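Each remark here refers to the structure printed beneath this line.
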Amino acid sequence: MRLHYLAASPWDQAADLLALVIFQQNGDEGLDEPALELDRRLGGLLRQALDDGDFRGREEDRLDFFLPGATPGPRRAVILGGGKVAEADADLVRRCAGRAVRAAESRSLTRVHFVLPDRSHLPASIPDDVAVQAAAEGLGLAAWDFRELKGAPSSPESAPPPLLEEGWVHAPWEGSGDVGPRAVEVAAAVVAGQNLARDLQWRPGNIATPTHLAEVAQELGREHGLAVRILGPAEMEEERMGALLSVARGSDQEPRLMVLEHRGGGDEAPLALVGKGLTFDSGGISLKPAAGMEDMKYDMSGGAAVLGAMKTVAMLDLPVNVVGVVPSSENLVNGSANKPGDVVTTRAGKTVEIINTDAEGRLILCDALSWVVDHHAPQAVVDCATLTGACVTALGHHAAAVMGTDETLIDQLRSAGDASGERCWPLPLWKAYRKQLESPVADLKNVGGRPAGSITAGWFLAEFVGDTPWAHLDIAGTAYGTEELPYQRKGGFGFPTRLLVEWVRSRADRRRS
């Protein structure tokens, strides 16, 4: 879809649907100017609906109107409740824009104008550019749907609603035109990256193989000027990536290590993004239950997010060096697959006793982390992975876990998560947890038992980054699911593409200053 910033009055523009947000009213608090104008055009019907209690401004509230004689302006309007204004943040704006898209879909409409509340009705904690960007993101993310593997519908009645073709954001306050166009431009790049990640997540394991991800990485390089390097089994053998290769040997699919570089920061050391690209995870010999195993195509969600983030970073041409690394393989079962009790040697030279073959993500990540630290000497490393079910138990589906070796970096990621709407919450890496990884036959085990499973997984990865500032995002509960927000759809969410981009942008801003 195409995203635009609308500087002119939305009432004079052709659109299928005009969307406004009204917060819960407190006492004599009045309507803002966009709502007042709509009420005038409706002959007082909006105010009457409010007075009669048909709309209270709660976030779940919605009112639909048909605008009489609206030529060339919008033919329909939808009023969306914003909840309590004191609780509003940028993600509330994003959700409201997503709800506007869902309202358009329900009527097979394809052009939406989203009008932000007047500045006096929007919390000061949401800056102008952030509000516009969040609204545009909500439109672009909500408009996405995965349809590339479906054939033509058997009848018009069975056809899905058309996808949104164009979305406009209008900010009804003075000076918004100074920041609006750039904010929509940023949003369009974020949407493009996150929707790429969602496409990759949704593609099944027989399509989105390690080779396919590598082809996507190469296409990103050609399209956006990224330097791309692909390592196959031979190069991995040369790099002594024994842990990654041990996982891949259980499959007929060859592994790949994708390296994408955005060079916008001169001679400075890069920021490193590392994402787990396990394109299908059966659990190996420690086989997963059959129920729900089809969702294990999502085990490459961290890698998908890194590819999406690199696309956005390149589209925005951020003034910082960034290297994205995605180790990718399958975890299947054949005569060469890892067995419980096997000992493998990692690229860093440390030996690992495999207790559970379903803890394979940390095995492919540890070699990738060691590789990027040695080859790129980054300022900081952030990895993301659907790593542990224990993370879902701890934090549910509302936040990723973050842990690491550098408190400043962890704080930066928390701030980036709050700003992007993809939140994370810290777990401790106290030394006491490291004891759970002690092995009688190797340097460490690949699992530390059920207690603190997310933390011991993080401790395992910490063994391979040396003194480099590093943080790990466990996205097992947030990368995909059924409890979608209005701008998401059931399945892959593209999490944490926005978080990674926001973190890189914040580091680029600090570099400028």
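Quick check for me: using +1 on Lys/Arg Cβ and -1 on Asp/Glu Cβ, what's the dipole size of the chain about its Cα centre, in debye to the nearest 20?
Values: 51 positive and 71 negative charges, 114 e Å.
Computed about the Cα centre, the dipole is about 540 debye.
Given a Förster distance of 22 angstrom, what is the FRET efficiency for A291 paired with V333, based on the Cβ-Cβ distance and rounded to 0.05? Don't jump to the answer; show the numbers that get you there.
Details: r = 18 Å, r/R0 = 0.82.
Efficiency for this residue pair is about 0.75.
Say R0 is 60 Å: what FRET efficiency, to the nearest 0.05, do T351 and R2 get from their beta-carbon distance?
0.65
So for the pair A14, R222, with labels modelled 7 Å out along Cα→Cβ, what separation do we get in nm?
3.6
Please list, in order along segment 320-329, the HN-Hα scalar couplings obtained from phi with the Karplus expression 6.51 cos²θ - 1.76 cosθ + 1.60 (θ = phi - 60°), rounded to whole Hz, x for Gly and Pro.
Residue by residue, segment 320-329 yields 7, 8, 9, 10, x, 10, 10, x, 9, 7 Hz.
So how far apart, in nm, are the two label points at S108 and D342 if each is 7 Å from Cα heading toward Cβ?
Result: 5.5 nm between the two label points.
From the phi of every residue in segment 178-191, what ³J(HN,Hα) in whole Hz does the Karplus formula 6.51 cos²θ - 1.76 cosθ + 1.60 yield, where θ is phi - 60° and glycine or proline is x?
6, 10, x, x, 5, 4, 5, 4, 4, 4, 4, 5, 4, 4
Would you pull out the residues with amide H under 5 Å of V274's amide H, same chain only if 5 or more places away, H placed 1.01 Å from N?
Residues meeting the criterion, in which the H sits 1.01 Å from N, are V325, V382, D383, C384.
Of K276/K297; K297/K431; K311/K350, which pairs sit farther than 22 Å apart, going by alpha carbon to alpha carbon? Before the final figure, lay out the partial values.
On the way: K276/K297 12 Å; K297/K431 34 Å; K311/K350 34 Å.
Correct reply: K297/K431; K311/K350.
Extending each Cα 7 Å along its Cβ direction at A86 and F65, get the distance between those two points in nm, one decimal.
Result for the modelled spin labels: 2.9 nm.
Considering only DSSP beta bridges with both partners in the chain, what is the antiparallel share in %, to the nearest 5?
The antiparallel fraction comes to roughly 40 percent.
So in segment 2-192, what percent of DSSP beta bridges are antiparallel if you round to the nearest 5? Write down the numbers at each step before the final one.
On the way: 5 of 24 bridges.
That works out to approximately 20 percent antiparallel.
Write out the trypsin sites (Lys or Arg not before Pro) in segment 78-160 meeting two conditions: DSSP loop, and at most 11 other Cβ atoms within 10 Å of their Cβ. It would help to have the intermediate numbers written out before the result.
Details: sites: K84, R94, R95, R99, R102, R107, R111, R119, R147, K150; in loops: K84, R107, R147, K150.
Of the trypsin sites (Lys or Arg not before Pro), the ones in loops of segment 78-160 whose Cβ has at most 11 other Cβ atoms within 10 Å are R147, K150.
Where a number appears in this text, it was derived from the coordinates with a stated rule and is not lab data. In this text, all values refer to a predicted model and were calculated from it rather than measured experimentally. So basically every Cβ, Gly included, is an ideal-geometry build from the backbone, and we count neighbours across all protein chains shown.
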